[in-house]
Every structure is written in C-alpha cells, then in structure tokens.
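Chemist: Following this message is one structure expressed as structure tokens.
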Amino acid sequence: MTREQYEALQDRQLKRFIAEEVYPFHPYYGDLFRKHGILPRHIGSVSDLRHFSELFTTKTIIAAQPEAFVVQPTPKRVFLSPPRTRPLVLVARELARAGIAIPNLLFDQTLNRLPSLLYRFGRVQLPRPLSAKAFLEYRYAPHFPTGTTGRSTGGVPTVFWFTGVDMARMAKLGSRYFSLLGMGNLQPQERRCIDLFPVSIHLADLFLREVSRGVPAMVFPTGGGKGIGTERSLRVAEASEARLLAGVPDYVERFLEYAVDEKRNLSHVERVILGGDAVGPKRRESIIELLRKCGAMDPVVIASYGFTEAKIAFIECVEGAREGGVGYHVFPELGAVEILDPDPNSRGEVCWSTIVGAGTVVLRYRTGDHAAFSWEPCPACGRTLPRIVGPITRKTSDMIKNIAGTLVDFNHVCEVFENDASVTEWQVEIVGDKNAGERINVFVALREGIDQDAVCWRLVSAFKTAADGLAPYTIRVFSHEELVVRLGIETELKAQRIKDLRKEA
Ligand SMILES: [Zn+2]
C-alpha cells in the first residue's frame with residue numbers, strides 16, 4: 001500500500017472510532033469533548049486532531065484516573081449512539097442463534113438414527129454466532145492487564161486493560177511480525193522461542209505470547225531470571241533448540257554471558273528481540289559476539305520500541321537490524337503517530353493516538369520520547385510501512401534531573417558509558433539532599449586487563465562534558481558479578497541504571 005492509501009485508511013478508521021467508540025463510551029474523552037464543544041463530525045482525519053490543543057494526554061493524567069480511560073458502554077448508549085446498524089446487528093445475532101438452533105436439532109435427530117461411525121463423519125453443526133451479550137462482553141469487558149513500571153509516577157504502576165478483541169487483534173498480527181523478523185517461512189516445528197521477559201504484566205511478554213499464538217509458534221516462558229532462574233532457562237533454551245530469544249537487553253546479555261561461561265550450545269538461535277529498553281550499537285555487538293561464542297552462525301539482534309499506553313510494540317525489520325538505524329516499522333491502521341514540535345532534523349516528541357480496539361484507549365498520548373517519523377519506503381527492506389526512526393531519547397523526569405542546580409540530561413550520560421568499550425556494566429547513584437548537597441556516585445565494572453585508573457579518568461572527564469560540567473563525587477570499580485547484583489538485572493523489572501536516592505525536599 002502507498003502512503004496515501006494508508007493515510008486514507010487511517011482517517012476512515014479514526015473517524016469511525018471517535019464517533020462510535022470514544023465519543024459515546026469513553027468517560028474521559030467523552031467528557032472532554034462535551035466540555036470543549038467538540039463533536040465527532042469535527043474530527044474527520046488524523047490532521048484534524050492537531051487543531052485541538054486541549055486534547056493531550058500524559059502519564060500523570062492517566063495515573064490520576066486510570067479507570068476513566070477504559071471504554072465503557074452502557075446499554076442505553078449502545079442503542080442510541082452511532083452506528084444505527086448496531087442495535088439491528090445485535091438483534092439479528094439473537095434471531096440467528098435461535099434460528100440456527102432448529103436446523104441443528106433436526107440434523108442431530110436425523111443423524112442419530114444412522115450407524116455411529118457414519119454419524120461421527122457426517123455430523124453437521126452450523127456455527128452459532130455469539131449472543132448479543134456475549135459479543136458485547138467479548139468486545140468491551142476488560143480481561144487482561146499490563147502495567148507501566150511506574151518510574152515517572154512515583155513508583156505506582158498504572159494498569160492498562162486489554163479486552164477479548166484487543167487480544168485477538170494482537171494474535172492476528174503474528175504472521176506480520178514473523179515476516180518482519182524474516183522467520184515467516186519457517187515450518188511450524190521450527191518456530192521455537194524462549195521468552196526471557198519478566199512476569200506477564202510486562203507488555204512485551206504478553207505481546208510475544210499473543211503474537212506467537214496467532215502464528216502459531218512455540219513459546220517457552222521463563223520469567224527472565226525471576227521465574228525458573230537463569231540456569232533452568234538456559235537448559236530449556238538448549239533443549240528446545242530455540243530459534244528466537246526475546247527479553248530485556250540487560251538480562252539477555254547476562255543470560256548469554258552465563259551461557260558462554262557454562263560453554264552451552266545455542267547454535268539454533270537466529271534472532272534476538274530486545275524490548276523494554278534502548279539498545280545501543282555496543283550492546284548489539286556484544287550480544288552478537290556472545291551468541292557466536294555459543295555456536296550461533298549468523299544471529300541478528302532486533303530492537304523494538306513500544307510503550308504500555310499504545311498497547312503495542314514496534315520492531316525493526318531483520319534487514320534494517322543488520323544495517324542499523326533504519327527504525328521501527330509501525331502499522332498505521334492501528335494508531336496514528338504525530339511528531340510534536342519537530343526540530344530541523346524533523347525529530348520531536350512522539351505522540352500516539354489509538355484508533356482501534358477497546359479496553360484502555362488513549363488519544364494524543366505524549367510519550368516524552370524524542371524521535372523522527374518517516375513515510376519513506378524502508379531503505380533496508382523496501383516495505384512501505386512507515387517507521388519511527390531513532391535514536392530515541394527520553395525527555396521525561398526520570399531522564400532529565402536537576403542536581404545541585406544543574407539540569408542533567410541522562411541521555412547523554414548513558415551514551416558515555418554505553419559507547420565506552422572498556423565498560424561492561426555501570427550504575428549512577430544520586431544521593432544527599434538540598435541542604436547537605438547533592439552528589440553523584442558512579443559505579444562501573446571494567447573489562448579485564450586494562451588500566452583502570454586511565455579508564456576512570458577518561459570516564460570522569462566524559463561524564464563532566466555530558467552533564468554540563470557536573471563531575472561525579474566518586475567513581476568506584478566493582479567486579480562484573482557485584483554490579484549485576486547491584487543493578488538487579490536478575491531480580492528487578494528493569495535494571496536500576498540511574499538510582500535517585502535523594503530525599504524529597
Ligand atoms: Zn524495513
């Protein structure tokens with residue numbers, strides 16, 4: 001499909017979604033629209049959304065009233081709001097159910113008289129549609145939660161609900177994701193995947209399982225170190241001859257380091273999907289290197305970008321992952337991406353509007369992530385699906401911090417450590433309070449056999465440049481194992497890279 005066709009599809013979808021789902025059934029946006037006098041007919045296309053400056057959603061707004069973001073139809077509104085055909089369809093369902101019951105009964109009675117073998121082969125069962133009630137519940141009743149990590153909302157996770165249709169939609173995407181991974185041609189018995197994501201409230205974990213259900217592919221959930229443990233996960237990966245590994249970058253790296261130490265055979269692994277955190281080139285190289293040591297021939301590391309609020313994750317195509325920096329393919333019929341206040345390189349804040357489904361729905365959600373968006377055909381794979389092009393930098397309160405009067409952008413600080421080949425793990429700790437002074441402590445683990453002092457001096461000066469002149473108070477060298485424990489790679493949802501231990505003033 002061309003860009004024009006995608007955009008036309010998106011506009012139709014959005015228009016229908018606003019008129020039939022959001023305006024009548026969504027508590028938060030319904031009220032907001034009525035308060036500002038916005039009618040469904042004012043929103044005919046994605047570009048119309050830009051005219052409503054009051055229509056912005058942030059993490060804090062959702063965290064304050066998460067239930068108000070769940071689509072909630074009432075019987076009265078189901079019958080009175082568009083489309084006019086909805087009540088007719090619901091009544092028709094009930095009639096069809098009753099009508100089909102009679103022929104089914106007749107068939108059964110006739111066939112019952114035949115010999116049992118013939119009966120079994122000849123059995124006729126007309127499929128009965130779901131009843132109106134069951135259909136509405138399948139569509140609207142929340143059924144599966146995913147949660148944010150709560151990093152920016154004071155540690156309280158916000159729950160996002162999926163309904164039956166949301167789950168079915170994810171499953172339907174299965175084959176498209178597998179073709180992006182370049183694994184579309186695998187035989188069913190070859191589609192084996194090890195799920196190293198933590199507990200299933202993690203969006204990536206749910207996503208992986210639903211997508212695999214739709215393909216269908218085999219998935220072995222392990223809980224990412226917290227479930228069955230690294231040793232047993234590794235045994236499963238080896239014994240199942242998994243072709244696909246999926247997990248958060250820190251843990252996958254840890255998992256593979258362990259595999260190398262134990263001299264395990266992971267020669268079947270072809271692809272690794274990383275989710276939940278940014279992946280730099282150094283990390284990618286290191287994971288490929290570790291996999292080669294475990295016997296993998298030509299592994300490809302595929303990064304993903306997703307956020308709980310969109311209830312979806314986007315991945316790189318396999319060709320793009322080999323080249324690097326091509327971006328994440330977006331399915332435009334599921335949601336609209338806007339780039340707010342783009343700079344000359346057309347990079348700006350990513351803003352997402354859901355245009356399908358039910359459960360928790362957000363419109364114009366400000367992610368706080370900065371990236372570019374491109375409709376150009378992918379230079380690596382040639383697909384016309386649009387792309388979110390990185391590097392993705394986070395501009396949220398957990399990445400931009402005021403320390404002792406200096407505004408530090410931790411995106412730059414991360415780069416210092418991520419790009420230094422001598423650093424294997426790192427952690428930054430912010431301690432103290434406003435009165436006694438705020439300090440930064442840096443903990444690093446370094447490669448063996450290098451001049452530790454020289455590396456530390458280099459890191460301190462690079463840190464100072466990245467943090468606008470603020471130098472770390474101390475820098476300490478730990479062993480790799482010690483730092484893995486400190487970071488909580490095997491015990492936390494996300495590694496604690498930047499730990500803010502300051503007391504609230
Ligand atoms: Zn591509």
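Chemist: Return the Rg/Rh ratio of the chain with Cα-based radii and a Kirkwood Rh. Could the numbers behind the result be given before it?
Modeler: Numbers: Rg = 25.9 Å, Rh = 25.3 Å.
Rounded to two decimals, Rg/Rh equals 1.02.
Chemist: Taking only DSSP H segments of four or more residues, each worth -39500 (n - 2.57), what value at 222 nm results for the chain once the sum is divided by all its residues, to the nearest 500 deg cm²/dmol?
Modeler: Working: 17 runs with 182 residues, N = 505.
Helix-only estimate at 222 nm: -11000 deg cm²/dmol.
Chemist: Among the aspartates and glutamates, which fall within straight-line cross-link reach of K395, defined as a Cα-Cα distance under 17 Å, with same-chain neighbours fewer than 8 residues apart omitted?
Modeler: Partners within reach: D277, E309, E338, D341, D343, E349, D369, D409, E415, D468, D500.
Chemist: So, one more: Highest first, please rank the peptides 458-469, 320-331 by the mean number of other Cβ atoms sitting within 10 Å of their residues. Walk me through the intermediate numbers first.
Modeler: Numbers: 458-469: 15.5, 320-331: 19.4.
Ranking, from highest mean packing down: 320-331, 458-469.
Chemist: Rounded, prolate or oblate: which fits the range 163-310, taking a ≥ b ≥ c as square roots of the Cα gyration tensor eigenvalues, rounded meaning a/c under 1.5, else prolate when a/b beats b/c? Each step should come with its number before you reach the end.
Modeler: Values: a/c = 1.56, a/b = 1.41, b/c = 1.10.
Prolate, because a/c is 1.5 or more and a/b exceeds b/c.
Chemist: Quick one: Karplus J couplings for the range 14-28, per residue in order, coefficients 6.51, -1.76, 1.60, θ = phi - 60°, nearest Hz, x for Gly and Pro?
Modeler: Once θ is set to phi - 60°, the couplings for the range 14-28 become 5, 4, 5, 4, 5, 6, 9, 10, 6, 4, x, 10, 8, x, 6 Hz.
Chemist: Hey, rough spin-label estimate for E262 and L39, points 7 angstrom out along Cα→Cβ, what's it come to in nanometres?
Modeler: Output for this residue pair reads 6.6 nm.
Chemist: Given the chain, what percent of its DSSP beta bridges are antiparallel, to the nearest 5?
Modeler: Details: 42 of 66 bridges.
If I count the DSSP bridges inside the chain, around 65 percent turn out antiparallel.
Chemist: Next question. Per 0.36 nm of contour for each residue apart, how much would the distance between S179 and S346 grow if the chain were fully extended, relative to their Cα-Cα spacing?
Modeler: Numbers: separation 167, 0.36 × 167 = 60.12 nm, distance 2.90 nm.
Gain on stretching S179 to S346: 57.2 nm.
Chemist: Related question: Step through the table entries K35/K76; K59/K133; K35/K59; K263/K494, compare each Cα-Cα distance with 23 Å, and write down the pairs that go over it.
Modeler: Details: K35/K76 21 Å; K59/K133 33 Å; K35/K59 21 Å; K263/K494 27 Å.
Violating the 23 Å Cα-Cα cut-off are K59/K133; K263/K494.
Chemist: Now for a different question. Quick check on the range 216-281: take the gyration tensor over C-alpha atoms, sort the square-rooted eigenvalues as a ≥ b ≥ c, and tell me if it's rounded (a/c under 1.5), prolate or oblate.
Modeler: Values: a/c = 1.30, a/b = 1.16, b/c = 1.12.
It comes out rounded by the Cα gyration axes.
Chemist: How far is it, in nm, from the label point at L88 to the one at T396 when both lie 7 Å from their Cα along the line to the Cβ?
Modeler: It works out to 4.5 nm between the two label points.
Chemist: What nm distance separates the two modelled labels at W375 and H480, each placed 7 Å from Cα along Cα→Cβ?
Modeler: In this crude spin-label approximation the distance works out to 4.8 nm.
Readers should treat all values here as calculations from the given coordinates under stated rules, not as data from a laboratory. These figures come from a predicted structure and were not determined experimentally. Note that each Cβ is placed from the backbone with ideal geometry, even for glycine, and that neighbours are counted across all protein chains shown.
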